[in-house]
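> Okay, here's the structure, questions in a sec.
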Amino acid sequence: MNINQQLWIGLVGVHPHSENSILGSYSGGFTNIVVFAQNKAEFKKEVSKFCLENNLDVFEIEDIERVSKRMKKHKLGTSVLKIIEYVRVTGLPCMSDLHVI
């Protein structure tokens, strides 16, 4: 993480990369992912890398914005606040609950 990076969040649609995915027998799902990034392009790059490391392929990313902006517009749930704090402390990307489809 460098000094120009901020926390970003987005809703990410994922498919299993292989049979050993956290999705089990489900064909896909959606989750919020939080990472440190400088802009939307870097957010997408970091999210894709994080998902691949977790045996997931990204098929959609939407609602990307800085966490600070999201917090001004919406009241965030406890699970999302927990991953924001985790990323803030560790610098590691993190996903919220996975909602399977």
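> Given a cut-off of under 8 Å on Cα pairs at least six residues apart, what relative contact order in percent is computed for the stretch 6-100? Spell out each step's value before the answer.
Numbers: 170 pairs, mean separation 38.6, N = 95.
Result for the stretch 6-100 is 41 percent.
> Leu11: net charge of surrounding residues, Cβ under 10 Å, Lys/Arg +1, Asp/Glu -1, itself excluded? Let's see the in-between values first.
Numbers: positive: none; negative: Glu60, Glu62, Asp63.
Charge balance near Leu11 sits at -3.
> May I ask for the distance between the Cα centers of the stretch 19-44 and the stretch 54-101, given as a whole number of Å?
9
> Setting aside same-chain residues fewer than 8 positions from Lys49, which aspartates and glutamates have a Cα under 19 Å from its Cα?
Qualifying aspartates and glutamates at Cα under 19 Å: Glu19, Asp57, Glu60, Glu62, Asp63, Glu65, Asp97.
> Over every pair of different alpha-carbon atoms in the chain, take the mean of 1/r and invert it; report that Kirkwood radius in Å.
Numbers: mean 1/r = 0.0734 Å⁻¹.
The answer is 13.6 Å.
> In the stretch 1-54, which chymotrypsin sites (Phe, Trp or Tyr not before Pro) are in a loop and have at most 15 other Cβ atoms within 10 Å, using DSSP for the loop call? Walk me through the intermediate numbers first.
Values: sites: Trp8, Tyr26, Phe30, Phe36, Phe43, Phe50; in loops: Tyr26.
Answer in residue order: Tyr26.
> Taking the 0 to 90 degree range and rounding to the nearest ten, how far is the long axis of helix 78-90 tilted relative to the main principal axis of the chain, both from C-alpha atoms?
Value to nearest ten degrees: 70.
Each reported figure results from applying straightforward, stated rules to the coordinates on display, with no laboratory input. Everything numeric here is computed off the predicted structure, so don't read it as measured data. Positions of Cβ are generated from backbone atoms using ideal geometry, with glycine treated the same way; all protein chains shown enter the neighbour counts.
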